[in-house]
Amino acid sequence: MHLNYLKDFILTDKRVLLRLDLNTPVEGGEVVNDERIIRSLPTINYILQKGGKLKIISHLGRPKETKKDQPEFSLDPVAKKLSQLLNIPVPLIPDLDNTENPNSGSLILYENIRFFAGEKENNKSLSKKLGSLCDIFVMDAFATSHRAHSSTTGVVHYAPNSCIGFLVEQELAVLSKLRASSIKPSLAILGGAKISTKLELINELSSQMDFVFLGGGIANTCFAAQGYSIGNSLIESNMLDEARELVSKKNVILPNKVVVSNSVDGNPRITDLQSINDNEAIFDIAPDIVNELELIFRESKIILWNGPMGLFEKEQFMDGTKSIAELIISSSAYSVAGGGDTISAASKLGILNSFDYVSTAGGAFLEYIEGRNLPALEALKLKALE
C-alpha cells in the first residue's frame with residue numbers, strides 16, 4: 001500500500017492538523033479510560049519535538065450536529081487529561097474560525113468535530129475549511145478510517161500534504177499480517193451477538209486461517225441451524241441458511257457445551273446442546289471447552305480474537321470468555337485482540353497488556369480484515385500519488 005508517512009515530512013514551523021480518535025469514555029466530567037489517548041502520544045510527541053504547530057481534531061460520542069451546547073460531548077475532559085499526560089497546556093478551541101496558530105512545539109485541541117455542520121456528510125465546505133488550517137494533514141485515527149467524513153477523508157483532498165501517523169502505520173502493519181497471513185497454523189476466535197454483522201469477516205477468515213472458533217450469539221444461530229433446540233437463546237432466524245453454510249466448513253469449530261440459565265440474573269448451569277430446556281437461554285460457552293481446544297491453541301503461531309464468548313458483563317457468564325482469553329495469552333502464538341467489547345472484556349479481566357497487539361479500532365478493524373477498502377486510506381493513497 002503506497003502511502004505518505006509522517007517521517008517523510010519536515011515539520012519545523014509547519015501547521016500540522018492531526019486527526020486522532022480520542023473517543024474515550026467520560027463520566028462525571030472525567031476521562032475514565034485513557035487507553036486511546038495514550039496510544040496517540042507517540043505521534044503527538046514526535047510532531048511537537050520536531051517543531052510542528054500542532055492542531056488536533058477528534059470526535060467524542062454522537063452529538064447533534066451544529067449544536068455546541070452539549071457538555072456531555074465536549075472534549076474538555078480530554079483536553080485536561082491530555083494536558084496531564086503531556087505536562088503542557090492544551091487549550092480547547094471552540095470553533096474552526098479561530099485561525100490563530102499555536103507556536104512551534106505547542107498544540108491546540110479543537111472542540112468535538114461532530115459539533116460542526118457537514119462532518120458526517122463529508123461536506124465539501126467543511127473539508128476545505130479543515131484543509132485550509134494546515135500545511136500537513138496527519139491521519140492517525142485508524143478506528144474512524146472506515147468513515148467517509150470530512151475530518152477523515154474529505155480534508156485529504158484539500159490539505160496541501162497528507163500522511164498517516166504512527167498509530168495507523170502500526171495498525172496496518174499488524175492487520176496486514178493477519179489479512180494475508182503466511183504464518184501457519186493460524187486461529188481466529190470470533191464472538192459477539194450477531195452473525196449478520198460478522199458474516200463477511202467469518203467467511204474471509206475461514207478462507208485465510210486454519211481454524212475459526214465461534215462463540216457468543218454467533219454460535220447460537222449456528223446451533224439453531226444445526227437443528228438443536230436452544231430454548232430462549234438469542235438467535236437471528238433470518239440468518240439460518242448462512243449459518244448452515246458456515247458450519248459445513250471443516251475448519252469452523254463450535255463449542256459442544258454451553259452455560260444456560262432461565263434469566264440473565266438466574267443461576268447458571270453447564271449443559272450439552274441436547275439438554276437445553278425450553279425456558280432456558282445460552283449466555284456463555286462452557287469454560288472447560290479449553291480442554292478440547294488446547295492442542296489447537298498450543299500449535300497455533302498467530303491468534304486473532306474478536307468478540308466475547310458470552311454475556312461477560314455479568315459475572316456468572318464471564319468464565320467462557322475468561323478461559324479463552326487465558327488460553328490465548330498462555331500460548332506462544334502472536335496474539336491480536338480487537339473490537340470494543342473484546343477490549344472491555346480483556347480490561348475487566350486485567351489482561352489487556354498481555355496480548356502482543358491490541359487494535360484500537362472496532363468497525364475499521366473488521367472491515368480491513370474482511371478485505372474492504374477504507375475510505376480514509378483510499379483518499380490517502382490517491383494523495384500519495386499526486
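In table form, for the structure just shown:
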| item | result |
| --- | --- |
| First in region 363-386 and within 22 Å of Lys198 (Cβ to Cβ), second anywhere and of a type in the set (Lys, Arg), Cβ under 6 Å, 6 or more apart | Ile369/Arg179 |
| Those residues of region 235-250 which are part of a loop (DSSP other than H, G, I, E, B) and either out of contact with any helix residue (DSSP H, G or I) (no Cβ under 7 Å at 6 or more places or on another chain) or surrounded by fewer than 16 Cβ atoms within 10 Å (Cβ to Cβ) (or both), in sequence order | Ser248, Lys249, Lys250 |
| Those residues of region 84-95 which are part of a loop (DSSP other than H, G, I, E, B) and either surrounded by 11 or more Cβ atoms within 10 Å (Cβ to Cβ) or within 27 Å of the chain's Cα centre (by Cα) (or both), in sequence order | Ile88, Pro89, Val90, Pro91, Pro94 |
| Residue within region 157-175 that is more than 24 Å from Arg19 (Cβ to Cβ) and surrounded by fewer than 24 Cβ atoms within 10 Å (Cβ to Cβ) present | no |
| Matching residues, region 83-95, being touching a strand residue (DSSP E or B) at 6+ places or on another chain (Cβ under 7 Å) and under 17 Å from Arg36 (Cβ atoms) | Val90 |
| Test: residue in region 24-34 that is closer than 25 Å to Leu380 by Cα and either hydrophobic (A, V, I, L, M, F, W, C) or out of contact with any strand residue (DSSP E or B) (no Cβ under 8 Å at 6 or more places or on another chain) (or both) | no |
| Condition broken by Ile230, with the remaining ones in (1) surrounded by fewer than 19 Cβ atoms within 10 Å (Cβ to Cβ); (2) part of a loop (DSSP other than H, G, I, E, B); (3) touching a strand residue (DSSP E or B) at 6+ places or on another chain (Cβ under 8 Å); (4) at pLDDT 95 or above satisfied | (1) |
| Candidates Ile230, Ile303, Ile289, Ile282 - the one that is more than 15 Å from Ile189 (Cβ to Cβ) and either under 29 Å from the mean Cα position of the chain (by Cα) or in contact (Cβ under 8 Å) with a residue 60 or more places away in the chain (or both) | Ile282 |
| Strands (runs of 3 or more DSSP E) contained entirely in region 257-317, each with at least 1 residues that are among the small types (Gly, Ala, Ser) | 257-261, 281-285 |
| Residue in region 291-307 that is farther than 20 Å from Ser206 by Cβ and surrounded by 14 or more Cβ atoms within 10 Å (Cβ to Cβ) present | no |
| Residues of region 96-105 satisfying the condition of being surrounded by 17 or more Cβ atoms within 10 Å (Cβ to Cβ) and either among the aliphatic types (A, V, I, L, M) or touching a helix residue (DSSP H, G or I) at 6+ places or on another chain (Cβ under 9 Å) (or both) | Leu96, Gly105 |
| Any hit, region 322-336, residues being part of a helix (DSSP H, G or I), in contact (Cβ under 8 Å) with a residue 60 or more places away in the chain and surrounded by fewer than 18 Cβ atoms within 10 Å (Cβ to Cβ) | no |
| Among the residues listed as Lys81, Lys129, the single one being more than 26 Å from Ala361 (Cα to Cα), of a type in the set (Lys, Arg), buried (at least 17 other Cβ atoms within 10 Å of the Cβ) and without any contact (Cβ under 8 Å) to a residue 60 or more places away in the chain | Lys129 |
| Test result for Leu54, within 21 Å of the chain's Cα centre (by Cα), closer than 11 Å to Leu109 by Cα and of a type outside the set (Gly, Ala, Ser) | no |
| Residue under evaluation Arg372, criteria (1) surrounded by 24 or more Cβ atoms within 10 Å (Cβ to Cβ); (2) in a loop (DSSP other than H, G, I, E, B), criterion not met | (1) |
| Checklist (1) surrounded by fewer than 24 Cβ atoms within 10 Å (Cβ to Cβ); (2) assigned by TED's automatic domain parsing to the domain that holds Val16; (3) β-branched (Val, Ile, Thr) applied to Val138, failing item | (1) |
| Enumeration of residues in region 337-358 that are of a type in the set (Asp, Glu) and in a helix (DSSP H, G or I) | Asp341 |
| Breaking point among (1) in contact with a Pro (Cβ under 9 Å, 6 or more places away or on another chain); (2) surrounded by fewer than 20 Cβ atoms within 10 Å (Cβ to Cβ), for Val26 | (2) |
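Yes/no matrix, rows are residues, columns are (1) part of a helix (DSSP H, G or I); (2) over 28 Å from Leu11 (Cβ atoms); (3) among the hydrophobic types (A, V, I, L, M, F, W, C); (4) outside the structural domain of Asp21 (by TED's automatic domain parsing):
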position	(1), (2), (3), (4)
Asn33	no, yes, no, no
Arg39	yes, no, no, no
Asn45	yes, no, no, no
Gly51	no, no, no, no
His59	no, no, no, no
Arg62	no, yes, no, no
Glu65	no, yes, no, no
Asp69	no, yes, no, no
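The values are calculated or read from the model by the stated rules, or taken from the named source; none is laboratory data. Predicted, not measured: the structure shown is a model, and the values here were computed from it. Cβ coordinates were reconstructed from backbone atoms using ideal geometry, including for glycine residues, and neighbour counts include every protein chain displayed.
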